[in-house]
Amino acid sequence: MTQVDTAETAKEGAGRPATGFGNLRPRIRRALGVAARPGLWKRGLVLATLALLLGLLMLLHAHITDRGGLGSLVETFLPWFGLFVPVLLAGALWRRSASAVAALLLPVTVWLSLFGGLLIDKSRPGGDLTVATHNVDADNTDPAGTARDLAASKADVLALEEITQQAKPLYEKELAKAYPYHAVVGTVGVWSRLPLSDTQRVDIKMDYGPLGDTKPVDVKMAYDRALRTTVATDQGPLAVYVAHLGSVRVFPRNGFWTASRDRGAQALGEAVASERNDRVVLLGDLNGTTDDRAFAGISSQLNSAQDAAGDGFGFSWPARFPIARIDQILVRGVKPTSSWVLPATGSDHLPVAARLSW
């Protein structure tokens, strides 16, 4: 039998690194000791305060006053407030501030609860009908090229906004082969591979007030920016609304001016509420995001195709560097299977499309 010198073995083992839980406990104690240092929590209190304010702003955005359009302005660019998180995190790490890092948990949690779902690709194969919408831009220098690009999208129903009288014949000519049915009301139109019927203007109060009431109907019709039509599908009638709501402006004195758009959004919401068809699609440039409180009357009735079946935020404006999705596809009674942004045309907006199923 070989006899082991236990004393010698103990000496050899003493030089080896400790393993297992015995080695972990000192590290935990050191980490807790570092975290417990008062200086780490006292540093960066300004950063911690800013992080908490950022989280509360995103959490309570619906309660921000809309005086001067402040609430709508914040909600239009709400996703972008998440960019302040890495900035504050960098400051917290530079200052070695445990309080600032801990405070950042609030804005991170709120942002993910609001927009985390948009980071996941929710599209799936299949669908019965493809719809698309595009603000073609009244100043578009190549409307014929834009029409050809849109026809190449192979959408079954195509909505256009900001159609000028000069460009209208060009759109009609270039889209005629792909879309045998179309209707134009004022500056908005719809082109379809399927039959259309019962097309009518929708009054979104663009020409509003005492002065507007004195204008004849034919003059008002030139400013029409919304229509409603019925598309005959194999699964039954589909009510399609096309709308281009009033523009918004930022003024130094008045702030974010949204009066025309908000008035139109309310009127459009009322029109959709009175719609008898169970299947409804709203296409158009709404000049606002679905996070904006101005669209509560619409978003409470219709669902965003991008939210339900998109991949990412689907920003559509401005075309060169999109920062907001103001071009919308909203639905009721049909299920979006995919939603995406189409390539740029000669417009300052990007076209958006969605595939729908019954």
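The values are calculated or read from the model by the stated rules, or taken from the named source; none is laboratory data. Note that the structure is a prediction, hence the values are computed from the model and not measured. FYI the Cβ positions are ideal-geometry reconstructions off the backbone, even for glycines, and counts take in every protein chain you see. Ligands, DNA and RNA are excluded from the accessible area calculation, which covers all protein heavy atoms including side chains. Shrake-Rupley method; radii C 1.70, N 1.55, O 1.52, S 1.80 Å.
General observations
- Helices (runs of 4 or more DSSP H) lying entirely in the stretch 154-231 (those with 1 or more residues that are at pLDDT below 95 and open to solvent by less than 50 Å² (accessible area, probe 1.4 Å)): 210-213
- Test: residue in the stretch 282-290 that is part of a strand (DSSP E or B), touching a Lys or Arg at 6+ places or on another chain (Cβ under 8 Å) and either crowded, with 20+ Cβ neighbours inside 10 Å or among the aromatic types (Phe, Trp, Tyr) (or both): no
- All strands (runs of 3 or more DSSP E) inside the stretch 302-358 with 2 or more residues being open to solvent by 10 Å² or more (accessible area, probe 1.4 Å) and not aliphatic (A, V, I, L, M): 335-341, 352-357
- Top-ranked residue in the stretch 40-51 [being open to solvent by less than 80 Å² (accessible area, probe 1.4 Å) and assigned to a helix (DSSP H, G or I); ranked as farthest from Phe81 (Cα to Cα)]: Leu40
- Those residues of the stretch 53-64 which are exposed (fewer than 15 other Cβ atoms within 10 Å of the Cβ) and among the hydrophobic types (A, V, I, L, M, F, W, C), in sequence order: Leu53, Leu56, Leu60, Ala62
- Count of the stretch 79-119 residues which are within 16 Å of the chain's Cα centre (by Cα) and in contact (Cβ under 8 Å) with a residue 12 or more places away in the chain: 10
- Taking the criterion of being among the aliphatic types (A, V, I, L, M), open to solvent by 20 Å² or more (accessible area, probe 1.4 Å) and without any contact (Cβ under 8 Å) to a residue 60 or more places away in the chain, the only residue of the stretch 291-301 that qualifies is Ala296.
- Lys11, sole failed condition from (1) at pLDDT 95 or above; (2) open to solvent by 50 Å² or more (accessible area, probe 1.4 Å): (1)
- Subset of the stretch 83-98 that is open to solvent by 60 Å² or more (accessible area, probe 1.4 Å), farther than 22 Å from Ala62 by Cβ and in contact with a Leu (Cβ under 9 Å, 6 or more places away or on another chain) - its residue that is modelled with the highest pLDDT: Leu89
- Residue match in the stretch 116-132 (condition: of a type in the set (Ser, Thr, Tyr) and more than 23 Å from Leu350 (Cα to Cα)): no
- Condition met for Arg332 (at pLDDT 95 or above and closer than 14 Å to Leu238 by Cβ): yes
- Which listed residue, of Gly312, Gly288, is touching a Phe, Trp or Tyr at 6+ places or on another chain (Cβ under 7 Å) and either at pLDDT 95 or above or closer than 20 Å to Leu118 by Cα (or both): Gly288
- Within the stretch 254-279, the set of residues being in contact with a Phe, Trp or Tyr (Cβ under 7 Å, 6 or more places away or on another chain) and part of a strand (DSSP E or B) comprises just one member, Trp257.
Residue-wise test of (1) surrounded by 20 or more Cβ atoms within 10 Å (Cβ to Cβ); (2) assigned to a strand (DSSP E or B); (3) among the aromatic types (Phe, Trp, Tyr).
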residue	(1), (2), (3)
Ala100	yes, no, no
Trp111	yes, no, yes
Leu114	no, no, no
Gly117	no, no, no
Ser123	no, no, no
His134	yes, yes, no
Asp139	no, no, no
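- The residues listed here are Asp292, Asp278; of these, the one that is out of contact with any Leu (no Cβ under 8 Å at 6 or more places or on another chain) and more than 19 Å from Glu75 (Cβ to Cβ) is Asp278.
- Number of positions in the stretch 262-300 that are on the phi > 0 side of the Ramachandran plot and basic (Lys, Arg): 0
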